[in-house]
Amino acid sequence: MSVWQRRSRRKPSGGLYKKDRKKRKFEMGRLPIETHVADEGMKLKKVRVRGGNLKVKVVKTAYANVLDPETNTCKKVRVLGVKENTANIHYVRRNIITKGAIIDTELGLAKVTSRPGQDGTVNAVLIK
């Protein structure tokens, strides 16, 4: 299945726009990477993006960098599971981490502040 980031074919009135050209490589999109909670370690995927840069995506992870706002310290802790995810209610059952998800860690509940599918890391802030 191909994903494209072009203008919609439909006008606001419901009519069709006239096709001006075919698809272009720079209009290409990708399916999202759904970061899962793993038993051990971390699995990364490196993708070459436009301009020759690399984007690192987290496929599976068992750890997160959790910031404690009271002591202002950051620790690498184990992720036990996903408690709440506003992106999709079914992500909780499937243990998928996205930005804004509430994860259960060894230190307690934490809110994810990074975008694991695009940043290559899972950063979170401890919720008291």
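Here are the numbers for the structure shown:
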{"item": "Environment charge at Gly81 (Cβ cut-off 11 Å; Lys +1, Arg +1, Asp -1, Glu -1)", "result": "+2"}
{"item": "Sum of side-chain charges, Val59 neighbourhood, beta-carbon under 9 Å (Lys, Arg +1; Asp, Glu -1)", "result": "+3"}
{"item": "Distance violations [Cα-Cα > 21 Å] among Lys43/Lys128; Lys76/Lys128; Lys55/Lys99; Lys45/Lys83; Lys99/Lys128", "result": "Lys43/Lys128; Lys45/Lys83"}
{"item": "Pairwise label distance in nanometres, Asp119 with Glu70, each label 7 Å out on the Cα-Cβ vector", "result": "2.3"}
{"item": "Longest segment of the chain lacking GluC sites (Glu not before Pro) that sit in a DSSP loop with at most 10 other Cβ atoms within 10 Å", "result": "71-128"}
{"item": "Among [x] 18.5, 59; [y] 15.2, 49; [z] 30.2, 86, the entry derived from the coordinates for Rg and Dmax of the Cα atoms in Å", "result": "[x]"}
{"item": "Potential extension, Ile127-Glu40 segment - 0.36 nm per residue separation minus Cα distance", "result": "28.9 nm"}
{"item": "Positive minus negative residues near Ala124 (Lys, Arg vs Asp, Glu; Cβ under 14 Å)", "result": "+3"}
{"item": "Qualifying trypsin sites (Lys or Arg not before Pro) in segment 44-74, DSSP loop, other Cβ atoms within 10 Å at most 10", "result": "Arg50"}
{"item": "Those chymotrypsin sites (Phe, Trp or Tyr not before Pro) in segment 1-97 that DSSP places in a loop and that have at most 10 other beta carbons within 10 Å", "result": "Tyr17"}
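Quick note: the coordinates plus some simple rules give every number you see, no bench work behind them. Nothing here was measured: the structure is a model prediction, and the numbers come from that model. Note that we place each Cβ from the backbone using ideal geometry, even for glycine, and neighbour counts take in every protein chain shown.
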